[in-house]
Amino acid sequence: MRHGARTRRAALTAALIAATTAASLTAGCTRHRSADDARAPARTPTPSAPATPTPVAGSPLAVKIDNVSAARPQTGLGAADVVYAEQVEGGLSRLMAVYATRLPKSVGPVRSARESDLELLRQFHEPTLAYSGAQRKLLPLIGRAAPHNLYVRPARLLPSAPGRTVLTTGFRYGPAPFGGSPAAARTVRYPAARFTFTWSEGRGGWLIAMDGTPATTTDGGRPAPPTVVVQYVRIRSSKYHDVLGNHTPYTETTGSGRAEVLRDGRSFDARWSRPAAADGTEFTTADGGPMNFADGQVWVVFAASSG
């Protein structure tokens, strides 16, 4: 493993430990609890002596967000620079929102981490992850156990928004390439969930529906990201499982493959490449040119590749 990758992995672990403790200080009321949580040990930290988080200057904030119907509408999604959508147990979906240019007042409902989050987050330098619980066997890889928490106040984790430079995603922004096909809408399906993105000329972005219901937020109306990426990846079973025995899907975000980029009301065939976990993901057009994204929020939906 390269020295840079080792350094970034150690920094990620330290940041995750700080975020776990910080999340316990900012919990909100519980709306619901499904069986795939209950991963942290059934104990709570001593309230008289809470640890103080020490986020590193320049850390992007990543928050795991619930996405079952009872969790909607979510809070704080509109302020995210990047939102990743992944498949979890039972074919359901979960979101990871990454914040660098703006920190909303509150984000949630916060839910549990997954093994593949570690690989995805290693593209950033010393990221801070806010999550609520994880499988017990996964906790030693992340940090100390935390109680189940739903909402996080970013200002308690980071003193200020670190800025666009910490978004080491590998994404490029600029004019759209030539070509593409007109696209009014695009649906991505998981076994028990689906996302539909519908182009809105008036909003200059893609209106989102989750499981057939228009996506809204409690603090910003309907999100309409200017760029949506459908990234085809290998989704396999991890060595972890939930309390019901369902294996947790592992989304492989390193390697290469095909993608579909939606922007400006058009669909572009693309390729993605991320040689190592410490690298960002590069997107190119079918002919090898740069695949620029539109300025603004980006949603990346990980979909299972056919090969």
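The values are calculated or read from the model by the stated rules, or taken from the named source; none is laboratory data. All values derive from a computational prediction rather than experimental measurement. Positions of Cβ are backbone-derived with ideal geometry, glycine not excepted, and every protein chain shown enters the neighbour counts. Side chains included, ligands, DNA and RNA excluded: accessible areas come from the protein's heavy atoms. Shrake-Rupley method; radii C 1.70, N 1.55, O 1.52, S 1.80 Å.
Mind counting the residues in the stretch 211-228 that are farther than 22 Å from Tyr173 by Cα, in a loop (DSSP other than H, G, I, E, B) and touching a Ser or Thr at 6+ places or on another chain (Cβ under 8 Å)? Explain how you work it out, then say what you get.
To start, the set of residues in the stretch 211-228 that are farther than 22 Å from Tyr173 by Cα comprises 211-222.
Then keep just the ones that are in a loop (DSSP other than H, G, I, E, B); that gives 211-212, 215-216, 218-220, 222.
Restricting the remaining residues to those that are touching a Ser or Thr at 6+ places or on another chain (Cβ under 8 Å) gives 211-212, 218-219, 222.
Count: 5.
Which of the residues belonging to the stretch 243-280 are of a type in the set (S, T, N, Q), touching a Phe, Trp or Tyr at 6+ places or on another chain (Cβ under 7 Å) and open to solvent by 10 Å² or more (accessible area, probe 1.4 Å)?
Ser256
Go through the stretch 66-88 and count every residue that is over 20 Å from Pro127 (Cβ atoms) and open to solvent by 10 Å² or more (accessible area, probe 1.4 Å).
Qualifying residue count, the stretch 66-88: 8.
Just to be sure before I move on: is Ala113 closer than 20 Å to Trp206 by Cβ and within 11 Å of the chain's Cα centre (by Cα) in the structure I sent? Please lay out each step first, then the result.
On the way: closer than 20 Å to Trp206 by Cβ: no; within 11 Å of the chain's Cα centre (by Cα): yes.
So Ala113 does not fit the description; no.
Can you pull out every residue in the stretch 98-115 that is open to solvent by less than 10 Å² (accessible area, probe 1.4 Å) and closer than 22 Å to Tyr232 by Cβ?
As a first pass, look at the stretch 98-115 and keep what is open to solvent by less than 10 Å² (accessible area, probe 1.4 Å): 98-100, 107-114.
Answer for the stretch 98-115, where residues must be open to solvent by less than 10 Å² (accessible area, probe 1.4 Å) and closer than 22 Å to Tyr232 by Cβ: Val98, Arg114.
Limited to the stretch 284-307, what total is found for residues that are in a strand (DSSP E or B), among the hydrophobic types (A, V, I, L, M, F, W, C) and in contact with a Lys or Arg (Cβ under 7 Å, 6 or more places away or on another chain)? Write out each step before concluding.
So the first thing to find is which residues in the stretch 284-307 are in a strand (DSSP E or B), and the list is 284-285, 290, 293, 298-304.
Okay, now just the ones that are also among the hydrophobic types (A, V, I, L, M, F, W, C), so 293, 298-304.
In the following step, the residues that additionally are in contact with a Lys or Arg (Cβ under 7 Å, 6 or more places away or on another chain) were identified as 293.
The qualifying residues number 1.
Being touching a strand residue (DSSP E or B) at 6+ places or on another chain (Cβ under 9 Å), at pLDDT 90 or above and open to solvent by 60 Å² or more (accessible area, probe 1.4 Å): is that true of Pro191 here? Even if it seems obvious, please write down each step before you answer.
Numbers: touching a strand residue (DSSP E or B) at 6+ places or on another chain (Cβ under 9 Å): yes; at pLDDT 90 or above: yes; open to solvent by 60 Å² or more (accessible area, probe 1.4 Å): yes.
Answer is yes for this residue.
Quick check, is Asp264 touching a residue at least 12 places away in the same chain (Cβ under 8 Å), over 21 Å from Leu120 (Cα atoms) and out of contact with any Asp or Glu (no Cβ under 7 Å at 6 or more places or on another chain)?
Values: touching a residue at least 12 places away in the same chain (Cβ under 8 Å): yes; over 21 Å from Leu120 (Cα atoms): yes; out of contact with any Asp or Glu (no Cβ under 7 Å at 6 or more places or on another chain): yes.
So Asp264 passes the test.
Taking the condition of being at pLDDT below 95 and not β-branched (Val, Ile, Thr), how many residues in the stretch 223-246 meet it?
Selection size over the stretch 223-246: 10.
Kindly indicate which of Arg274, Arg266, Arg258 is closer than 15 Å to Pro175 by Cα and either modelled with pLDDT of 95 or more or within 21 Å of the chain's Cα centre (by Cα) (or both).
That would be Arg266, the only listed residue that is closer than 15 Å to Pro175 by Cα and either modelled with pLDDT of 95 or more or within 21 Å of the chain's Cα centre (by Cα) (or both).
Taking the criterion of being of a type outside the set (Gly, Ala, Ser), within 18 Å of Ser93 (Cα to Cα) and more than 17 Å from the chain's Cα centre (by Cα), would at least one residue in the stretch 214-222 satisfy it? Before you say what the answer is, go through the steps one by one.
As a first pass, look at the stretch 214-222 and keep what is of a type outside the set (Gly, Ala, Ser): 214, 216-219, 222.
From what is left, the residues that are within 18 Å of Ser93 (Cα to Cα) are 214, 216-217.
Those still in the list that are more than 17 Å from the chain's Cα centre (by Cα) too: 214, 216.
Yes; the residues of the stretch 214-222 include at least one that is of a type outside the set (Gly, Ala, Ser), within 18 Å of Ser93 (Cα to Cα) and more than 17 Å from the chain's Cα centre (by Cα).
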